[in-house]
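Here's the structure we're looking at; comments come further down.
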Amino acid sequence: MMTTLVLVLLASTGAPDEVVVYPDRAQVTRVTPVTCGSRTAIVFENVPPAAVGDSFRARMSDGTVDGLRAELVKQEKVFSEKAEALEKKLEQLADDGRVIDDQVSRAEGQRALAMRLREVAEQGLSKELAAEKPDVKTWQASLDTPLATNLSVAKQVADLQAKRRDLNRVMEDVRRQLDEVRVGAQKQAWRVEVLVTCTQGKSAQLSLNYLVGGASWTPAYEARASEANKTVDFATFATVTQVTGEDWSNVKLSLSTAVPAQNATPPTMNKLYVGATERAPEKKVLTRRDEFVETASVAVAPGSGVKNESGLVAKSQGLSVQLEVKEPAKVPGDGAPVRLFVGETKLAATFELKVMPKLYPVAFRVAELSNTGGWPLLAGRVDAFRSTGLVGRYDLERVAQGAAFSLTFGIDDTIRVKRTVVEELKKDSGLFNSKKRFTYVYKFDLANYGKAPVELTVADHLPVAEVNDIDVALTEKTTAGAQVNKASGVASWKVALKPQEKKTVDFGFRVDVPTSYDMGGL
């Protein structure tokens, strides 16, 4: 009967080599060299318990993977050497402590002997003083000797006690480390055994990858406006955290915009039934419905106005993108956040001063851009800078690759805006009063108190009719030059203001509604 020789080797158990971090998890890759020959079992030990058990995958650069087995085992073997070394160190420290205690005991004995000698000297001095011609100097020397001995011993004891206190602190630290090692020895870790085969005499690389929970990254951005060049330097940073218990040291780190936890299964189309029931005729009711409308500007053509300053590599993954961090990264496994520079892109921008008097009586400096950076922008915090420094911090919603978006670079304090209601009126209109007409007129007072001319984009919105028999239109009281976006109902004007100049913009519109509508007291 033929037998197959299997050589068992332990793979490197150091830090992972590559990590791909998703917004809600991470994929870790360990790589080890394999010397080809007989069938070999490569064992990866100390894989953290945060690894997902059914996610282990192995791949050979040259050869085949014949099998893989993973099991959770206690880490007694790993920690036994550490525990033995700490126990020996603790015993040595205890011996050192006993030596110090013996030295203190001997010093205390010398001090007690010096005190007895002093008592004898005092008694002899008393008798000498009673004599006819006392020899005081001789007895004075006998008193000085015990005193000097006592002082020397006191200093020696104080030094030994300080040394003992330091030793006690070291022993306490070693005991704490030993307790941690003993607790760690009871924890579990994955032991992964991979059976591989490759051609005799060659060498290959074995890669083991697996998913771990407790890891995530969130983006943060810095936008620096350059109005003279009509560009925005848009830098992307990533804050990475992980609590797998294993440090990622000097790893090749990539950041994925994919979210594996999202359900990728398309929904099922159910049957759609149409039925009818008899009801009494209903009267139409005029209602007001405020709706948030995001007005998008025209996107920049792909490849135009883009410069990748950092040499960042963005790999398309279908619906997502992987961003490769240029420098090797180090992320501790205790949850401490690490901020990493991802890349910087120079985006073409159109700057304007936007005024929306109905919402805010100020002028915002806004840049209209398109995300031509080569990857989608996840939702995150933006720090906006101008030449004067930081001017704002706000949240950016997710921006798809190639989509238009806006950035705000603060408020222009030299612009003053005031909105006044001139008319809000309801009256009958049309033949035989078949309709009710609502008329609205507003006045916008604009002033430039700065030292340079400016151009303002002043915007307000018209109601957008959702039914054909309601008519909405601008009136003759509206200042000429209004541009109306029919989809959003936003009316806007371009207003040029010289330094210290004031202008007024009038905005009037009417709404004609059939009298058959219930207008709810409007």
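The values are calculated or read from the model by the stated rules, or taken from the named source; none is laboratory data. What you see is a predicted model; the values in this text were computed from it and never measured. Here the Cβ positions follow ideal geometry from the backbone for every residue, glycine too, while neighbour counts run over all protein chains shown.
Quick notes
- Residue ID - nearest to T29 (Cα to Cα), chosen from residues in the stretch 202-217 that are within 17 Å of the chain's Cα centre (by Cα) and crowded, with 16+ Cβ neighbours inside 10 Å: A215
- For first residues located in the stretch 326-349 and farther than 15 Å from K252 by Cβ, partners that are basic (K, R) and lie 6+ apart or on another chain with Cβ distances below 6 Å form the pairs K346/K307; A349/K230.
One line per residue, one yes/no per condition, for (1) farther than 26 Å from A329 by Cβ; (2) modelled with pLDDT under 90; (3) of a type in the set (D, E); (4) out of contact with any helix residue (DSSP H, G or I) (no Cβ under 6 Å at 6 or more places or on another chain):
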position: K155; (1), (2), (3), (4): yes, yes, no, yes
position: R191; (1), (2), (3), (4): yes, yes, no, yes
position: T197; (1), (2), (3), (4): yes, yes, no, yes
position: N209; (1), (2), (3), (4): no, no, no, yes
position: W217; (1), (2), (3), (4): no, no, no, yes
position: Y221; (1), (2), (3), (4): no, no, no, yes
position: S226; (1), (2), (3), (4): yes, no, no, yes
position: T241; (1), (2), (3), (4): no, no, no, yes
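- All strands (runs of 3 or more DSSP E) inside the stretch 401-470 with 1 or more residues being among the aromatic types (F, W, Y): 404-412, 435-448
- Of the criteria (1) of a type outside the set (A, V, I, L, M); (2) in contact with a Lys or Arg (Cβ under 8 Å, 6 or more places away or on another chain); (3) farther than 21 Å from V513 by Cα, which one K426 fails: (3)
- Selection from the stretch 471-519 of residues that are under 18 Å from D445 (Cβ atoms) and part of a loop (DSSP other than H, G, I, E, B): K477, T478, T479, A480, G481, A482, K498, P499, Q500, E501
- Boolean, V422 is of a type in the set (A, V, I, L, M, F, W, C), surrounded by fewer than 15 Cβ atoms within 10 Å (Cβ to Cβ) and in contact (Cβ under 8 Å) with a residue 60 or more places away in the chain: yes
- Within the stretch 370-395, the only residue that satisfies the criterion of being surrounded by fewer than 17 Cβ atoms within 10 Å (Cβ to Cβ) and on the phi > 0 side of the Ramachandran plot is G389.
- Residue satisfying all of: in the stretch 339-367; among the charged types (D, E, K, R) and either closer than 26 Å to K418 by Cβ or modelled with pLDDT under 90 (or both); surrounded by the most Cβ atoms within 10 Å (Cβ to Cβ) among these: R365
- Any hit, the stretch 278-291, residues being of a type outside the set (A, V, I, L, M, F, W, C) and at pLDDT 75 or above: no
- Yes/no for T199 being β-branched (V, I, T) and surrounded by fewer than 16 Cβ atoms within 10 Å (Cβ to Cβ): yes
- Failed item in (1) touching a residue at least 24 places away in the same chain (Cβ under 8 Å); (2) surrounded by fewer than 12 Cβ atoms within 10 Å (Cβ to Cβ), with L68 passing the rest: (2)
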